[in-house]
Amino acid sequence: MTLSFRLTVTSLVMVILITLALMLIGLQYRILTIAVHTSAGDSMESVSERVATRIDARLANTVRLVNFLSAIPSIADQERPGADNQAIELFRMMLEQSLGYESVYVGYADGYWLQLLRVAELAPEQRELFKTPEGAVYILNQVIPGAPGQLPLFRHFLDADMQLISEITIPHLGYDARTRPWYLDAQGHHTAAISRPYLSYVSDESLITVSAELDGLMKGVVGIDIQTEEFSHFVSEQAEIENTVSVVYMADGTLLAHPQYHSLLAKKLIASDNVVLPTVADLDNGLVKDALADSKEKTREAGGVHDDEGDYWLYRIGPLHIPDFPGAHIVLLAEETDFAGDIRRLQWRGFLVACAIGAIFLPVSWFAASRISRQLLAITDEANRLQTMQTPPERPIGSLINEIRNLGQAVHLAQKAIWSFSRFVPSELVRRLLKDEMSTEIGGVRQGLSVVFTDVENFTTIAENTDPNVLMSQTSRYFSALTDAFLAEGGTIDKFIGDAVMVFWNAPEPQDDHVKSACRAVLAAREASKAINTQFEAEGLPRFRTRFGVNTGVAVVGNLGSSERMNYTALGNTVNLAARLESLNKEYDTDILVSEAVRDQAGDTFTFRKVDRTIAKGMTHATTVYELVGEQK
């Protein structure tokens, strides 16, 4: 059975159109998904950093206040300061200036304890239990040791002007500050101690205590209680998307911040006989639990889960980097549609429209088979050029038929996108990815590499004294000159780090004599740097003196990052030593320093000068350092 030319061409046209359309739609879908997830990840990372910064700033400020109080003579040098002590006025000022503080207090080695707290922070039941009179604004508690083993409490109720309204005595309260965690944690430390969250015994609130040992004649500890409720406000204020779900918890699962923290705490206090704070297990929101379970199962910090209605939510789970408060983690969730908007629906409509146009195009293609076949061949040729990453033509393939013209434009845009992508990622990586010759999974292999690091001398000073736009243009010209030299010798540009460049050889493609290639590239880059500096000086711009570090050895090379975002790079002591060699140029006033391994493997092809034998920063073994002078002619 044979088919007519028209039928054959028309069928092929439709097959090619459908195939290319599906490829482009799939590529578009993938790019959109990556863009949405990247945008969501960046947004959540930004929220996480801001939350950590706010909490860290709050704790750091409290640490400074506690350290300040610990050194005040009226507290640190006076035995059993009374209600008229000037320290009480300092306590009041701190409570007034920071509404997140519940109380300020000091405890001494003999059992004496002095505390000032705001009545407004007390739960209604506690006010009744304390027999708080009308008009009381502050409560001043004193534990004054009496007979051995007796610790009576004297409670003074004060108005807004710190004038006494009434007072009561509780002879057998038995509150011994010396046995409390905040007191014990601060003992023997030179810095303030920060407690884990715990339930306040006076206000039914979650607290964190910052305490410090007295720095004076008296032995004791001063402390400030912070209500963790304000951390929930911090988290809510940082959300960039309205429907974002944010939860902060400690490593043991105890909640630190949650939009409905009060209600969770109230339920916990009603349901439990034990005085414990709510944990992630008490959350009503199944999304947070699902995200935590998914993260634990797949050992990843970012991903997505579906809610009960089938909507997809993106999540990010990770530690909050708070130096003085380790163990805090944050969970952030946002609905995917909040980032994608109506793009998904428009994409689906575009797919349906493309299918309808294809059906209409069938009779047209029957009568224009020969012309269509030529145009499709041309489009197919451009599609094939995607893998070779050739420079795209200035214009897409045109046609009187709208669908063919659109397809030509789509292929042209795809070709430009791949070509542009190869400018941000090493071309060999893109080529291997397009040919499916390279894994996109996280991981690496041990492999011999030659690694080069560069840096510009005094770049910070240059940047401070140069117009930003001029500096950006000058740096781009400088990088172009260096990268041309590196690429000419087959180098893989790993990354630009400010004014520095990291390059390596022998990956992803194996290279013979990669050590010599690296040395030639560095020498060529030095000459390129001199040439471009001549231009800079002629234009009245500052010179960029470049320093190079070269090392060779075994390193781990492969994909580093997360399942959503990764980087093809190299890690290990070989890489670290190359960076250290570059920085050693400052000590020896040299331009190119190489390791002994480079000198040995380069052989007599190059001229080297022995500089020193030293232990580079961060290394444990000494290495002989050489200056690369030039290549033997």
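One table, with the values for the structure above:
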item: Failed item in (1) more than 15 Å from residue 457 (Cα to Cα); (2) not aromatic (Phe, Trp, Tyr); (3) not in a strand (DSSP E or B), with residue 585 passing the rest; result: (1)
item: Of all residues making up the range 466-494, the number that are without any contact (Cβ under 8 Å) to a residue 12 or more places away in the chain, surrounded by fewer than 17 Cβ atoms within 10 Å (Cβ to Cβ) and not hydroxyl-bearing (Ser, Thr, Tyr); result: 5
item: Among residues of the range 113-159, those that are more than 24 Å from residue 220 (Cβ to Cβ), modelled with pLDDT under 90 and aliphatic (A, V, I, L, M), counted; result: 5
item: Lone qualifier among 136, 87 - being in a helix (DSSP H, G or I), closer than 19 Å to residue 159 by Cα and out of contact with any Lys or Arg (no Cβ under 8 Å at 6 or more places or on another chain); result: 87
item: Residue pairs meeting the criteria (Cβ under 9 Å; at least 6 apart or on separate chains; first under 18 Å from residue 137 (Cβ atoms) and basic (Lys, Arg), in the range 149-172; second open to solvent by 60 Å² or more (accessible area, probe 1.4 Å) and part of a loop (DSSP other than H, G, I, E, B)); result: 155/131
item: Filter result (open to solvent by less than 40 Å² (accessible area, probe 1.4 Å) and within 15 Å of residue 304 (Cβ to Cβ)) within the range 16-45; result: 32, 33, 36, 37, 40, 41, 43, 44
item: Residue within the range 250-257 that is of a type in the set (S, T, N, Q), open to solvent by 40 Å² or more (accessible area, probe 1.4 Å) and either touching a His at 6+ places or on another chain (Cβ under 6 Å) or free of Cβ contacts under 8 Å to residues at least 60 places away in the same chain (or both) present; result: no
item: Of residues in the range 544-563 being of a type in the set (A, V, I, L, M) and either without any contact (Cβ under 8 Å) to a residue 40 or more places away in the chain or out of contact with any Gly (no Cβ under 6 Å at 6 or more places or on another chain) (or both), the one surrounded by the fewest Cβ atoms within 10 Å (Cβ to Cβ); result: 560
item: Looking only at the range 564-617, and only at residues there that are within 30 Å of residue 45 (Cα to Cα) and open to solvent by 50 Å² or more (accessible area, probe 1.4 Å), the one that is farthest from the chain's Cα centre (by Cα); result: 573
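So that you can scan it fast, the table gives a plain yes or no per residue for (1) under 30 Å from residue 602 (Cα atoms); (2) in a helix (DSSP H, G or I); (3) at pLDDT below 75:
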| position | (1), (2), (3) |
| --- | --- |
| 409 | no, yes, yes |
| 419 | no, yes, yes |
| 441 | no, no, yes |
| 446 | yes, no, no |
| 453 | yes, no, no |
| 462 | no, yes, no |
| 466 | no, no, no |
| 469 | no, yes, no |
| 476 | no, yes, no |
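The values are calculated or read from the model by the stated rules, or taken from the named source; none is laboratory data. Computed from a predicted model, the values in this text were never measured in an experiment. Neighbour counts are summed over all protein chains in view; Cβ atoms, including those assigned to glycine, are modelled from backbone coordinates with ideal geometry. Accessible surface areas use protein heavy atoms only, side chains included; no ligands, DNA or RNA. Shrake-Rupley method; radii C 1.70, N 1.55, O 1.52, S 1.80 Å.
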